[in-house]
Every structure is written in C-alpha cells, then in structure tokens.
Amino acid sequence: MKKLTLFLIATMLFLAACTTADTPIATTPAGGGTTATAPADTAGTGDVVDTGGHPILDAGNITLSFSWWGNDARADAMEASFRLFESYYPNVTIVSNTGPWDGWQQAILVNLSAGTEADILQVNYPWVHNFGQGSNVFLDLDTVSHILDLSEWSEEMLNFMRTADGQLSAVPHGMNGHFLMYNRAAINELGLDRFPETLEEFIEFGRELAADNVALDFAGENRYLAFIAAEVLDNILHNIIFNATGNTFFVGNELGFTFEDAVNAYELFVTMWEYNLIPTIQQDEGIPIQHNPAWLDGRALSAFIWVSTFFVVEDGYEGGPGTVDDLYVAVWPGPAGTPGVVLQRPTMGHAISANTQHPEAAAYFLNWFYTNEDAISAIGSVLGLPGANTASIVAEREGLISGNTLVGAEMLQNVRSGPIHHFFEDENFRQPRHIIMEQLALGIITATEAAQLLLDSQNEQLANIANN
Amino acid sequence: MKGVTIDKAVRKKLTFGQWLNTDTVSGYVFALPFIIGFSFMMAVPMFLSFYYSFTDFNMLNTPTFIGLDNYVRMWNDMRFRNSVSVTFRFVFLSVPVRLVFGLMLAYVLTRKTSGVHFYRSIYYLPTLIGGSIAVALVWGQLFQNQGVINVVLGAFGLDGVNWFGNPNNALWPLIFMSVWQFGSSMIIFAAGLKDIPETYYEAAEIDGANKWRVFFSITVPCLSPIILYNLVMQTIAAFMTFTQAFIITGGGPADSTNFLALYIYNHAFNWFNMGYASAMSWVLLTMVAVSTAFIMWTSKKWTFYANE
C-alpha cells in the first residue's frame, strides 16, 4: 500500500511538472498587447526566457499547433515562416500538422468532432459554413480583434467567412476565380490572330476549330477551344447564369435564376458538346490539365482554371511545345454587349480552434503571419494571391506575384464579378448538380429535364436548411 | 500445462502467479486482446451508429432524435436506390465469376505436375496486394481510353472501349479487378480438393466415368461445403466493395458505379450527414445478413457432407 501511495504521488508530481511546461497564457489587457514587458522566467530554472517582449507571449513556453494541407513547395514555405516566428519569439514553438489535400477534410472533421484539432487551422471556404451547418465551429475572430488586425481585409472579404449568426470563423488568405488561360502559340499556329471576345464568337470559333474532330467517344487527337474538366463544368454553369441574369446562383437563401434561365444554360452546354468545342464527359479522362496531353500538345487552345493554380499549369507547360510566355489570361466571355465575368471566393482561410488553450497567442501569430514582411516573403505565392493589405503590398513590391498570376490578380479586382455563395460549394447542393450535368452530357436527359431536376434538387436542399 | 481449478476455499491462499494460471483467468487473459478490440473497435461503434441512425448527427452537432426520418428518406432517395441496384449488380456478376475462376485454377494447380507450388504462389500474388489504392490506380490506368487494354484490343483489330466514360461500361473494369483477386478462394478450393478421398476417383474410373462426369458428380459435391464458405465470404466482401470505385471512378459516370459503401462514405464524411449514413449502414448490414441467410437456407439443398 505504501508503495502504491508513493507511486501515485510520484505520478501526480510528474504530471504536474509536465503541465507547467505548457502554461496557458494570461489574458491580455484591453487596449492591445503591444506594450513591451520584461522577459519572464517561465521555465522555473532561474534563467530568463526571451519572449520577444510581447505580453501575450510572455506567460511561458507555448506550443501552437498549426494544421494545413499542401504540397512540398508549401511545406518548405510554411516551415520557413514557423521557424522565423520561433526566432522572433523563442518561447513559442509552432508544430505542423500537415498532409495532402486528399482526405484532409475528413481528418479535420474527425479532429473537430473529437476536440483534438490544432490551435490554428488552414480552412477551405465551404468548411466555415458546412461544418457547423450555419453555426460557427471555430473561434469567433471578432473576440481577438484587439490582437488580430481585421482592418487588413475588406468587409466584403471578411463576409465570406462570417457564418449565418455573424461570427467570423476565419480570415481569408486571398481571393480566387476561374479564368480561361489561352495558348497563344497554338492559336497562331491555326492562322488565327485574336481571341474570341464574346460568347457568340467563342462558340463560332470553337465550332470551326472542332469541325475536323473525328473521335466523338474518345479524346483521340481532337482539338478543343477550351479544355474544361468535368468538375469545373459547374462553375461554367454559374458563369452562364450570372451572365444571363446578373445574379449569382444563390441570392440570400433563394435561387438567383428561373427555370427558363436554367434551360438556356443547359442548352448552351449541349451546343458546346455538340460542336465539340469542349470535351464531352466521355472524352474527359480526368487527367489534370498540367499533365493532359491535349493541353501539352497544344490541341486544347485554352483551359478553364483557378488563378491560384496558374503556376501549376505554367510549370506543367514548361514541358510542352511552347513557352509560358505563350499563355494568355482572359475571362469567361459574355454574350455580345455583356462583359465577361469572373466569380470569386476565398482561396482558403485561417481559423483558430474554439478549444485552443492559447487563443490570443494564436491570434498574435496570425496577425504576424499576415503583416510581417519577412513572413510574407517566406510564404511567397504558395498559398495563392494574398488578400490582406500588407501582404498584397509586400507581395507586389517584392515581385512575389508575377506574370499571369499578377494579371489574374489585377483582373479579379477590375472585371465584372460576383461572389460565389457558400451554398454553391456545399456538396449537398453540388452533388445533384454534378449528376444532372453528367446525365445531360451523356444524353440521358434533355436540357429541359435537367433544368427541372436542377430546380427541384436545389430547392429541396434549401428547404432542408430552412427547416433546420 | 493443466491449469489450477478455482476453489473458493483455497482462492485466498493462491499467489498472483497461481491465480493467473487458473483456467478461468488465463482464458480471459488470452481472450482479452480480442475482447478489448471487439468492444471498442466493433461493438461500441456499431451501437453508436445504430443510435445515430435515428438522429440528425453531422459529427459536430449534438445529435437530435428524429425517429425514422433517415429510413424514410432512403425510400425517397433515388441515388440510394440506384446505389443498391449497382451494388447488387456487382455482387451477382463478380462473385460467381470469381468463384468459378478460383475453382478452375485450384483444380489445375492441384494436379501433380512440376512447378505447381510456384504457379500457386504466382496466382495468389494479386490477392496479397489485394484491393489496395495502388492496385486500383493501376487498373484505372489500364482501362483508360488510351490504356493497355484498348491498345491490345486495337492490336487485334477491335475498336477500343470507352470504359469509364460510358455508364454502360464503367462497372466492368471494377468487376474484372474483383475477379482478378481470386487468390484467397483459390487457396481454400485447393485445400478442399486435396481432402477429397482418392478412392472416389478410382471408383469412378473403374465405372468408366469421363472427366466432366467425375468433376460434376464427385468433385463439386465433395467440395460443396467449401463452395458454400467461399460463396458466403465473397458475397459479404462484394457487398462492402469501396476502394475500386472510390479511387477509379468516384462513383461515376452518372452514378453507374456508385456502390452503397461509397455512397455511405460520401454522406458521412463529405456531405456531413452522419445520421443518414449510419441508417444506410444498417440497411447494408441487413442486406448482407439477409443474403447470407438466403445462401445458408438454399445450401441445405446443394451441399453435401460426408458424415450425413
């Protein structure tokens, strides 16, 4: 019994020692947290720990976990920024929790469900709304706005990340939109010297181009005016509806179009498939554009892609017959008399866990991440176009964003545009649209039937949301 | 070693080692890994999913009881009905072909010829690497429009087939892939074939039976308990097929390969309808149980046991 008692006491002492090594931070006084204070002795060793002089980070050794998805280039940049922060604030350790995009949403969902998510999370735009089905599952960033300077973002940008109850779930990293990226060399090779500017020209252009296509059930050696992957057809649908109505797909909690608008949109798709100016479902083998033979061989004269992925497509094109200088960015064309359009949504965002022990330290880190010039330089363009004021200025001044990506960034601000509603990206809305589009492409249903199914499926989901 | 029998009168006098060595305790100790694993990895999740099937659980909310709404929703969900249909089509097409293929090769590979062990190992290899993601990716490439399969068809002067772009064709590569993984049933068939007494074959030979007659009158009846086992196991596995569709087709085109397991996964983890997904899981379990019970019921008419 005595041994057992001693063992329990020793265990409790050990656990207590472990706990003090990771002390929750003290509440920051109102009015800021920029006052320098004396470095603290938090380790209890008698040595002074350098906290960088910020009171939020003075309370002791802090470990912040940061979950994010991405590729190797992003890993290098993110780790560089974390180590930079640690060099500024040696009592803070940033731990990466990372992986590829595939399966990442499921992993985060499970973490959130179990309350084991990271302190700071890179989040996809729809998560902010879908995870809580309208309620916020992250920390309301308005509660740490005395540390995280929200004036770095426009209200329009922040509104994308506000849930139905007005809470700010995340700050957006930047904005994203779909553009047509033309291959100028391939167009010139056909004896053409300009790009289609209206929808009518676009269709006529593609019709002539595809007149010699012989493989109707295969990609074969066909030429396409635009290579539009199956999963992006939905975004084209949105563009067509916006061009026709001036409304986004959803306006508030209602559809922004009528049955006739939907019929016209689907008929336009049928025309594009019939003329073979975009690949049919049968011809699309799901090969990413940067690896797709049609694009690399110059048989696809354009591709419809996110501005955030321009660099991926450009890198892929280095192996093709032309050069990156041959690539030209344009918006999806509107009917004659209507300017083209780019619909926008945040590339991604950063949220803070509602369960974090260090909400203010996490907010401080995010503020640093978006406003510190060295941090912005370290990240470069691996997270896409930065949207925060300081980050945008630094990125442009330092040449971190250049070429077509810079062109796209400027066009995002200057061309006719509208917001992509979060309902549009909700899979409960998107999946029925995807199936309808496939059935239309395969000739299983007509444009009229597709339009009716579209309205039924989207209205049904809207009703579900209203009932909840 | 014979264990020590527990006797209340002497229990207090046992040392820890002796107590551990009693029949009852040692039995529980040996069974403990399974009991823990089954309880926490199977029983608890199953009971929870049954409870969730009557709620609107989305993984992040507090589940609210909604009665039979999820089960009623299934009745009106055309995609659910389609996924059940696709799953049954896959089961009915892949399981018999897989069993016939496995039995055929087992029959050939149990003949007393040189190198038979080598060939048996080679044929078992696809099963070893199983339905992994890597294998699914390779099969996906093989059946692409310009993949190896169409190239081979072209070499024989045949038109290529648009396997994954046509809803009428998309299920077939997944069936072929399933059949290709015949190794486990082949090995069990081979073991069963070796257990059939040689005297039966000798008697048939004396009676002048030809090879087909021997196969259908001796081999198949004697092997029927093994066929039953393989049929049940392969049917259950086919109902749960997920990886191929998840990796290769994503359920498309036009839901033509949207297996029920894939549909459940999407509802649970991509569309945040865990309650509905749980309800569908119980329907899938019921489908598997009823199918298994049906097979067992019919087996009385076609299985033969030597001791009966």
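The values are calculated or read from the model by the stated rules, or taken from the named source; none is laboratory data. Computed from a predicted structure; not experimentally measured. Here Cβ is always computed from backbone atoms with ideal geometry, including for glycine, and neighbour counts include all displayed protein chains. Protein only, heavy atoms only, side chains kept; ligands, DNA and RNA dropped before computing areas. Shrake-Rupley method; radii C 1.70, N 1.55, O 1.52, S 1.80 Å.
Structure notes:
- The value for region A:142-214 of Rg(Cα) / (2.2 N^0.38 Å) is 1.98.
- Structure-based [θ]222 nm, chain B - -39500 (n - 2.57) summed over DSSP H runs of at least 4, per residue, nearest 500: -20000 deg cm²/dmol
- A DSSP coil position with no more than 10 other Cβ atoms inside 10 Å describes the following chymotrypsin sites (Phe, Trp or Tyr not before Pro) in region B:84-186: B:Phe156.
- What you get for chain B, charging only the Cβ of Lys and Arg (+1) and of Asp and Glu (-1), is a dipole of about 600 debye around the Cα centre.
- Listed peptides A:72-84, A:273-285 by packing density, highest first (mean Cβ within 10 Å): A:273-285, A:72-84
- The phi-based Karplus calculation (6.51 cos²θ - 1.76 cosθ + 1.60; θ = phi - 60°) puts the 3J(HN,Hα) values of region A:394-408 at 5, 4, 6, 4, 7, x, 6, 10, 8, x, 5, 5, 5, 4, x Hz, whole numbers, x for Gly and Pro.
- Top positive-direction residue, dipole computed over region A:323-397 with Cβ charges, set A:Ala391, A:Val342, A:Ser377: A:Val342
- Highest to lowest packing among B:263-271, A:118-126, scored as the average C-beta count within 10 Å: A:118-126, B:263-271
- Across peptide A:438-450, the mean count of Cβ atoms from other chains lying within 10 Å of each residue's own Cβ comes to 2.
- Whether chain B is rounded, prolate or oblate, judged on the alpha carbon gyration tensor where a/c under 1.5 counts as rounded: oblate
- Whether region A:362-468 is rounded, prolate or oblate, judged on the alpha carbon gyration tensor where a/c under 1.5 counts as rounded: prolate
- Counting all C-alpha pairs of region B:30-163, share separated by more than 17 Å (%): 80 percent
- Three-way shape label, the protein assembly as shown, alpha-carbon gyration tensor, a/c 1.5: oblate
- Reach of B:Lys194 by Cα under 19 Å, taken over aspartates and glutamates that are not fewer than 8 positions away in the same chain: B:Glu202, B:Glu205
- Evaluated with a Cβ-only charge set (Lys, Arg +1; Asp, Glu -1), the protein assembly as shown carries a dipole of roughly 4480 debye about its Cα centre, given to the nearest 20.
- For region B:154-178 and region B:58-100, distance of Cα centres in Å: 26 Å
- A cut-off of 5 Å between modelled amide H atoms, ignoring neighbours fewer than 5 places along the same chain, links A:Phe250 with A:Gly256, A:His421.
- Equivalent ellipsoid of region A:117-262: semi-axes from √(5λ) of the C-alpha gyration tensor, largest first, are 41, 19, 15 Å.
- Taken residue by residue and averaged, Cβ atoms of other chains lying within 10 Å of the Cβ of B:53-63 number 3.
- Alpha carbon centroid spacing (whole Å) that separates region A:168-247 from region A:280-352: 8 Å
- A dipole drawn for the protein assembly as shown from +1 and -1 charges on Cβ atoms has a positive end, and of B:Ile226, A:Ile420, B:Ile206 the residue lying farthest that way is B:Ile206.
- Protein accessible surface hidden between B and A, which excludes ligands and nucleic acids, total in Å², probe 1.4 Å: 2200 Å²
- For B:Lys13, a cut-off of 19 angstrom between C-alpha atoms picks up these aspartates and glutamates, skipping any fewer than 8 places away in its own chain: B:Asp23.
- Phi-derived couplings, Karplus 6.51 cos²θ - 1.76 cosθ + 1.60 at θ = phi - 60°, listed residue by residue for region A:143-154: 6, 10, 5, 6, 10, 8, 6, 6, 6, 5, 10, 6 Hz, with x used for Gly and Pro.
- Average partner coverage of B:265-278, which counts Cβ from other chains inside 10 Å: 3
- Under a model in which nothing but the beta-carbon of Lys, Arg (+1) and Asp, Glu (-1) is charged, region A:77-148 shows a dipole of about 60 debye around its Cα centre.
- Helix runs (DSSP H) in chain B reaching 15 Å along axis by Cα, Kyte-Doolittle at least -1.0: B:23-38, B:78-109, B:116-129, B:183-195, B:220-239, B:274-302
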